[in-house]
1. Quickly run through region 54-95 and pick out the residues that are among the basic types (Lys, Arg) and either surrounded by 18 or more Cβ atoms within 10 Å (Cβ to Cβ) or out of contact with any Pro (no Cβ under 9 Å at 6 or more places or on another chain) (or both).
2. I'm trying to understand the selection: among the residues of region 74-88, which are out of contact with any His (no Cβ under 9 Å at 6 or more places or on another chain) and closer than 21 Å to Phe35 by Cβ?
3. Of these, Leu103, Leu111, which one is modelled with pLDDT of 95 or more, under 18 Å from Val18 (Cβ atoms), buried (at least 23 other Cβ atoms within 10 Å of the Cβ) and under 9 Å from the mean Cα position of the chain (by Cα)?
4. If we keep just the residues of region 114-134 that are more than 12 Å from the chain's Cα centre (by Cα) and outside any strand (DSSP E or B), which is farthest from Ser150 (Cα to Cα)?
5. Can Asn154 be described as outside any strand (DSSP E or B) and under 23 Å from Phe35 (Cα atoms)?
6. Being over 30 Å from Phe26 (Cβ atoms), surrounded by 12 or more Cβ atoms within 10 Å (Cβ to Cβ) and not basic (Lys, Arg) is true for just one of Tyr132, Tyr138. Which residue is that?
7. Hey, any hits in region 15-23 for a residue that's under 14 Å from Asn107 (Cα atoms) and not in a strand (DSSP E or B)?
8. Examine region 110-121 for a residue that is more than 25 Å from Pro93 (Cα to Cα) and of a type in the set (Lys, Arg), and state whether such a residue exists.
Amino acid sequence: MEIQETALRGCVIIKPRVFEDERGYFFESFNTSSFEQKTGMSGSFVQDNQSFSSYGVIRGLHAQQGEHAQAKLVRVLQGEVLDVAVDARPDSPTYGQHVAVRLSAANKLQLYVPRGFLHGFAVLSETAEFFYKCDNYYNKESERGIHLASPELNINWLIEEDKRIIADKDLLLPYFSKK
């Protein structure tokens, strides 16, 4: 696996080594030992989640807080998404900044989203299957979120506003503030 740093400390892109031939392909999607050796971060995951969505769906921006905070390793099994991670660590020099990466079944890239980050994605293909590993268990009472259209974040979701499909609960989230 190849690790590509992003502008946000701890948030990295993982490019697996893919072996292809006339039969198809094979790749190791994750190896704890290799990940920890190359990044210096923990690769211990306890929960896997998967979702299926149609074009225009935007999920996020979400996080778990406190003792239930989660790091995530995300990838796309089918289709393509724009995956977004926002640094929400108040003491970070990149607080309020984001990275946006196209993840697809074709490019097989993965994004590691550290604890303290908000996360979301927009479906760019007709449909997409999204898969992610978490290093902590989900806890409903620890949910938090920020409105995906927060002006201070200035995220280009690559989906026209009239084609966006957003959960009502996400539309009610507060806007991000650097105050």
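1. As a first pass, look at region 54-95 and keep what is among the basic types (Lys, Arg): 59, 72, 75, 89.
Within region 54-95, Arg59, Lys72, Arg75 qualify.
2. Arg75, Val76, Leu77
3. Working: Leu103 fails: under 9 Å from the mean Cα position of the chain (by Cα).
None of the others qualify; the one that does is Leu111.
4. Restricting to residues being more than 12 Å from the chain's Cα centre (by Cα) and outside any strand (DSSP E or B), the top hit is Glu126.
5. No.
6. Within the list Tyr132, Tyr138, the selection yields Tyr138.
7. yes
8. No, every residue in region 110-121 fails to be more than 25 Å from Pro93 (Cα to Cα) and of a type in the set (Lys, Arg).
The values are calculated or read from the model by the stated rules, or taken from the named source; none is laboratory data. The structure displayed is predicted, hence computed values, not measured ones. Note that we place each Cβ from the backbone using ideal geometry, even for glycine, and neighbour counts take in every protein chain shown.
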